[in-house]
1. When we measure straight from the Cα of Lys105, which aspartates and glutamates land under 15 angstrom away, once same-chain ones fewer than 8 places off are left out?
2. Under a point-charge model restricted to the Cβ atoms of Lys and Arg (+1) and Asp and Glu (-1), what is the dipole moment magnitude of segment 139-286 relative to its Cα centre, in debye to the nearest 20?
3. Is the shape of the chain rounded, prolate or oblate, going by the alpha carbon gyration tensor and its root eigenvalues a ≥ b ≥ c, with a/c under 1.5 for rounded and a/b larger than b/c for prolate?
4. Sequence-distant or interchain residues sharing an amide H contact under 5 Å with Ile270, placed H: which?
5. Quick one: which of Lys166/Lys271; Lys152/Lys233; Lys233/Lys271; Lys152/Lys193; Lys18/Lys237; Lys166/Lys269 span more than 32 angstrom between C-alpha atoms?
6. Where a ≥ b ≥ c are the square roots of the eigenvalues of the C-alpha gyration tensor, would you call segment 172-225 rounded, which needs a/c under 1.5, or, failing that, prolate if a/b is larger than b/c, or oblate?
7. How far is helix 76-88 tilted off the main Cα axis of the chain, in degrees rounded to 10, range 0 to 90?
8. In degrees, nearest 10, range 0 to 90: what is the angle between the Cα axis of helix 45-57 and the longest Cα principal axis of the chain?
Amino acid sequence: MLRSKILPSSYTFSSLIKACGLASEVKFGEVVHGHVWRHGLESHVFVQTALVDFYSTVGRIIESKKVFDEMPERDIFAWATMVTSLARIGDMSSARRLFDMMPEKNTAAWNTLIYGYSKLRDLESAEFLFSQMHERDIISWTTMVNCYAQNKKFGEALVVFNQMIKTGICPDEVTMATVISACAHLGALDLGKEIHLYVMQNGFDLDVYIGSSLIDMYAKCGSLDRSLLVFFKLQEKNLFCWNSVIEGLAAHGYAKEALEMFRKMGREKIKPNGVTFISVLNACAHAGLVEEGLALRKKAPERGIAKPNQ
């Protein structure tokens, strides 16, 4: 483009800088930054905002702050991007100070702070900000549901989910997987069934995220038949699905079935982890399957897993 003597626009630079951040191309990003100056776009808000995001994405927060501080004009997106950059590295005190300085606050900035506090398990700060929001989108609600779940406040997570539904916000797969997991931790089978019904009635695909959560929830709540039903209906299964079913079978006394499921994993080229081996070994121990258990202990190192201590 430059060799053809076609002048790049602000949109060209913004897109190129974003690509550098996504690809972690630090050196090339710095070269592009130099071209921004040479083409007189050092004051362009969209380009500068892209640079703020680029430098923070590649871990250069000092340069990110420098670009932001030198911006002659900042729009709401520039402010929100800098808040996000600070929250990304866990500097929530600086992120909060900058957030409080924002002339106008958009939903993205609110969500960023709530998410940042959630990652640090600072439930009180996340709750306060959430309560102050005038407009909440699906990200706001889902972040708060996750925040409660991460802090083992599963009942509160379900309360927020119900409030979300009442306000007319449609949850997504991430929200549903989180609330199903909350039911599993609470042992709330009836509520879990209701949420499963909601999933089916509202057009959610039985993908690996919702499916694995349902398998685990039913297994933990003592409904092994439903857990297996979801498992066999699921087109794509991750390791968590297999572990949940094996653990469920083992917990309900179906040691031989747990072993067979473990062998089926091998036939389908699914690599087990330590959780898998512990579940199967527990099943063998409770059923008195000594030889099978010893054979599994020998196989663990062959699969790159430290030999369990049972």
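Each reported figure results from applying straightforward, stated rules to the coordinates on display, with no laboratory input. Model, not experiment: these values are computed from the prediction. For neighbour counting, all protein chains shown are included, and Cβ atoms are generated from backbone atoms with ideal geometry for every residue, glycine included.
1. Here the aspartates and glutamates satisfying the reach criterion relative to Lys105 are Asp75, Glu135, Asp137.
2. In debye, rounded to 20, segment 139-286 gives about 360.
3. Note, shape of the chain comes out prolate.
4. Counting only residues 5 or more places away or on other chains, the set is empty.
5. Pairs exceeding the cut-off: Lys166/Lys271; Lys18/Lys237; Lys166/Lys269.
6. Note, shape of segment 172-225 comes out prolate.
7. 50 degrees
8. Long axis of 45-57 versus the principal axis of the chain: about 40 degrees.
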